[in-house]
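Asker: Below you'll find the structure I mean.
Taken together, the values in this text are just the output of simple stated rules run on the coordinates, not laboratory data. Predicted model only: the values in this text are computed from it and were never measured. Cβ: placed from backbone, ideal geometry, glycine included. Neighbour counts: every protein chain shown.
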Amino acid sequence: MKIPIKQLARGRARQEGELVALAGGAQALGRRIGSIGPAWRADIVVLDVDHPDMAGSRGDLWLDQYVFVAGRRLVKTVLIGGVKLVDDCALCARAAIVSRYRKVVARIAGKAVI
C-alpha cells in the first residue's frame, strides 16, 4: 500500500501509518512479514476485549488501553509462526518451562561454592 507522505502528515489515519511502518520493516528485512496471506509468517496477538480495562474503548482507543493501561493483562492468545504459545491468558508450555527451570536452578545450586 502506497500512501503519499502529505496524507500521512495531515494525520490521515494512524492505521495507515502503522501499515506503512510494517511494510517498510518487512522490506528492510527482506522478509515476508507485515501482512496476512498465504506463505507469509504470522505472529498474532489476540487481546481480551472483555477485560475490565477495555471498558469504554471505542475505535482506536483499544491500542491506547493496551499500551498505557493494561499491558500484558489483556493478552489472551499469542501465535508465533502459526504456533500457539499462549492460550486463554496462560503459557501453553508452562509446565515444561517450569520443569526445565527447576532442573537448571538445581544444577547451578549443586555447583555453587558457599
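Asker: Specify whether the C-alpha gyration tensor of the range 60-109 places it in the rounded, prolate or oblate class, a ≥ b ≥ c being the square roots of the eigenvalues: rounded for a/c under 1.5, otherwise prolate if a/b is larger than b/c and oblate if not.
Answerer: Numbers: a/c = 3.78, a/b = 2.10, b/c = 1.80.
Since a/c reaches 1.5 and a/b is larger than b/c, the shape of the range 60-109 is classed as prolate.
Asker: In what order do VAL67, VAL75, VAL86 fall by count of nearby beta-carbon atoms within 10 Å, going from fewest to most?
Answerer: On the way: VAL67 10, VAL75 16, VAL86 19.
With the sparsest Cβ surroundings first, the list reads VAL67, VAL75, VAL86.
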